[in-house]
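Just below is one structure, and these are the notes that go with it.
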Amino acid sequence: MRTTGSRYRVFTDEQWEWIAPLLPSNEVRRGHPFGDNRRVVEGIAHRDPVA
């Protein structure tokens with residue numbers, strides 16, 4: 001499993017296993033690939049004042 005390389009984590013690896021399949025993948029995508037989904041989602045959750 002890839003990690004973000006960040007020392008700050010919003011989600012545990014177990015929680016991420018539930019979230020990851022719900023996000024888009026690069027498997028059938030043509031063109032520029034998506035970035036690191038975990039990094040993007042954790043950034044959104046970190047910035048959200050409700051979370």
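The values are calculated or read from the model by the stated rules, or taken from the named source; none is laboratory data. Since this is a predicted model, take the numbers as computed values, not measurements. For neighbour counting, all protein chains shown are included, and Cβ atoms are generated from backbone atoms with ideal geometry for every residue, glycine included.
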In the stretch 24-39, the residues that are surrounded by fewer than 12 Cβ atoms within 10 Å (Cβ to Cβ) and under 17 Å from Phe11 (Cβ atoms):
Gly35
Which pairs turn up if I take residues in the stretch 25-51 that are modelled with pLDDT under 80 and look for partners that are surrounded by 11 or more Cβ atoms within 10 Å (Cβ to Cβ) and of a type outside the set (A, V, I, L, M, F, W, C) with beta carbon separation below 6 Å, at least 6 apart in sequence or on another chain?
Pro33/Asn26; Phe34/Asn26
